[in-house]
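This report concerns only the one structure given below.
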Amino acid sequence: MATQTEPIERLRAEITTTIEHGTELLADLKLLDDRLSLLLPSLQEMAESERETFVARLCGYDADLPQRLPVLIEGLADLLAGLTTTDGGAVWLRQHLDRLAAGESEEAA
C-alpha cells in the first residue's frame, strides 16, 4: 500500500534526475566547441564568447542556453528542497504561487 510520502519521493527522484541531466548537458555544451575544433581548427582562433555563439548557431541551439541552464538547475534545486515529506511541498507551492500571483519576475524568486 502506498503511503502519502511515496508520490513526493518519486517526484523528488525525478527532479534529481532532471537536475543531473541538466548539469551534464551544461558540461557537454561547454566542451562542444573544443570537440568541434577537430572539424574546424579555426574555432581555436576565436574569442571564447564568439566561439560559443558560432558553435550554438552551427549546432542549431539557442546561444543563451548555457547561461539559462544554470537558472533552470537552480530552480529545480529550490523545488527539490521545498518538497518535504512533512508538508508535501505545500509551503513551497504556496510561496511560489503567491509570488506568481503578485506578478514578481523570475529573477526576484
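Laboratory data are not the source of any read-out in this text; all were calculated from the coordinates shown. Just so it is clear, the model here is predicted, and its values are computed rather than measured. Cβ atoms come from the backbone with ideal geometry, glycine included; neighbour counts cover every protein chain shown.
When the Debye formula is applied to the Cα atoms of the chain, each taken as the same point scatterer, what base-10 log of I(q)/I(0) results at q = 0.12 Å⁻¹?
Results for the chain at q = 0.12 Å⁻¹ read -0.60.
So if R0 is 25 Å, what FRET efficiency would Gln44 and His21 give, r being the distance between their Cβ atoms, rounded to the nearest 0.05?
Numbers: r = 29 Å, r/R0 = 1.16.
E between Gln44 and His21, to the nearest 0.05, is 0.30.
Can you tell me the FRET efficiency between Thr5 and Ala102 if r is taken as the Cβ-Cβ distance and R0 is 25 Å, rounded to the nearest 0.05? Can you show the working numbers first?
Working: r = 31 Å, r/R0 = 1.23.
The calculated FRET efficiency here is 0.25.
Using +1 at the Cβ of each Lys and Arg and -1 at the Cβ of each Asp and Glu in segment 1-74, identify which of Val71, Met46, Thr5 lies farthest towards the dipole's positive end.
Thr5
Note down the net charge around Val91, summing +1 for each Lys or Arg and -1 for each Asp or Glu among other residues with Cβ under 14 Å from its Cβ. Kindly include the intermediate steps, with their values, before the conclusion.
Values: positive: Arg94, Arg99; negative: Asp78, Asp87, Asp98.
Summing Lys/Arg as +1 and Asp/Glu as -1 gives -1.
To the nearest 10 degrees, how steep is helix 90-101 against the longest Cα principal axis of the chain, on a 0 to 90 scale?
For 90-101 against the chain, the angle is about 60 degrees.
Tell me, what is the FRET efficiency for Arg35 and Val71 to the nearest 0.05, using R0 = 30 angstrom and their Cβ-Cβ distance as r?
0.75
About its Cα centre, what dipole magnitude does the chain give when the only charges are +1 on Lys and Arg Cβ and -1 on Asp and Glu Cβ, stated in debye to the nearest 20? Please list the in-between numbers first.
Values: 9 positive and 21 negative charges, 46 e Å.
Taking the Cα centre of the chain as origin, the dipole is about 220 debye.
Tell me the relative contact order for the chain as a rounded percent, counting alpha carbon contacts under 8 Å between residues six or more apart. All intermediate terms of the calculation are to be shown ahead of the outcome.
Working: 51 pairs, mean separation 35.5, N = 109.
Relative contact order for the chain comes out at 33 percent.
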